[in-house]
Every structure is written in C-alpha cells, then in structure tokens.
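Novice: Before I ask anything, here is the structure I am working with.
Throughout, read-outs are computed from the coordinates displayed, never taken from laboratory work. Since this is a predicted model, take the numbers as computed values, not measurements. Cβ placement follows ideal geometry from the backbone for every residue including glycine, while neighbour counts extend to all protein chains displayed.
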C-alpha cells in the first residue's frame, strides 16, 4: 500500500524508518498516564523502557500498516493495521530489538506484558471480526493533549476506512476513552476485568461504512 497516494492521508506525515524513535517517544509519553503501562512497570512508569517497547512494536508492524503523525515532530501518532495483514515472525521481532527489550525489561516485566497480551488476544477472539482492521495505537504527547493534534489523524483514518469499506477494531484499558471513540462511531462491544490488577479491557468496533 502506498499511503502517500491515498487522498485521506494527504495532510498527514507518514512515518519513515528514521522516524521510528521519535514516533515511539511520542507513544511512550502519550501513554504514560495509563494504568496498564504503570502496572507493567510495577507501579512506577519507566519512560525509557516503554519507548523501547514502542520502538520494537512499530518496527515489526506489517509493510501495509498505516503509521502517521500530525507532522515530522510527531506530536500525535496513530498506527493502524489493515485486515488480513501478515503477522510478524519471531525473526522479525528479534531483528527489531526483541532480545534487547527482553534483557532491559527483565523477566518480571516481560511476564506481566506477556500475560496482558494473552488477555488482549482472548478479548479480541471474542469481539473482533476476522475482517476488522486493528487500531493498534493512537496517542498524543502530554504537553500537546487537548490541542487537536490527534483529531486530524483519526479523521483521516476513518475517511480512508469509509472509502475502503473496512471495519475497525480496538481495545482500550481507559474508561475515559470509550466516549471518545464512540464520538467517532465506534461501538462498545464488551468489557472484561483483567486478571492483572484493577483494570478493565474495553473492546470496541466501528463497522464498515462505505461511501458508495
């Protein structure tokens, strides 16, 4: 997929390989108040560790993924994986720095992160349709939140989904985000209490809404 050729993303900055660390830093900062990531870090959020987590996560997304920002400064970042995308292999993970992440996180954090991922996968099996795309990440730097940096990104993505007739799935662990996504026509499909602490997983879908 050539994102640059898609009209919906004309006003967005498309991530290049050299932008990886900057995009990851924005996600690490934007998610720093989320209880899930604090829990993974044993109560005290570790920005450097989570930046590494996002670097690896972004490095292994499929080639057809959509990873955009408001500008090269990446004040707000969105990552979307289209339906039926190829899952990254273990080799892809290792090449992207998976072993470095393993050693820096330590076994206790890795276990927590793995258990969270298992829970998320179980929720997705319940509520995600096989033809859904996946909104993997959407966050804005703390000092830029409330300034409409993220709205053009989600609007551009949804315009593209409507034009393509794609449905979209996401999960969030923040109750405050449910109303935000409902504003963009996502529906709350269900919620599940996590076994990893005082956390709730909210599963949301936006059905395909083709324009023709």
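Novice: Rank the residues 14, 40 as a footprinting-exposure proxy: fewest other Cβ atoms within 10 Å of their Cβ go first.
Specialist: Ordered from fewest to most neighbouring Cβ atoms within 10 Å, 14, 40 come out as 14, 40.
Novice: Also, I was wondering about something else. Taking the chain as the region of interest, what is the percent of Cα-Cα pairs per 10 angstrom bin, listed from the shortest bin to the one with the maximum distance?
Specialist: 8, 34, 41, 16, 1, 0
Novice: Which of 56, 123, 178 comes first, and how do the rest follow, when ranked by fewest Cβ neighbours within 10 Å?
Specialist: Listing 56, 123, 178 from fewest to most nearby Cβ atoms yields 178, 123, 56.
Novice: Please label the shape of segment 119-210 as rounded, prolate or oblate, based on the square roots a ≥ b ≥ c of the eigenvalues of the alpha-carbon gyration tensor (a/c under 1.5 means rounded; beyond that, a/b larger than b/c means prolate, else oblate).
Specialist: Judged from the Cα gyration tensor, segment 119-210 comes out oblate (a/c at least 1.5, b/c at or above a/b).
Novice: Using helices alone, I'd like the mean residue ellipticity at 222 nm for the chain: each DSSP H run of four-plus residues gives -39500 (n - 2.57), total over residue count, nearest 500.
Specialist: Details: 7 runs with 88 residues, N = 212.
-13000 deg cm²/dmol, from helical runs alone.
Novice: Using alpha carbon centroids, what distance separates segment 93-115 and segment 20-62, in Å?
Specialist: Cα centroid to Cα centroid, the span is 12 Å.
Novice: If you rank 46, 70, 129, 87 by fewest surrounding Cβ atoms within 10 Å, what's the result?
Specialist: Neighbour counts put them in this order, fewest first: 87, 129, 46, 70.
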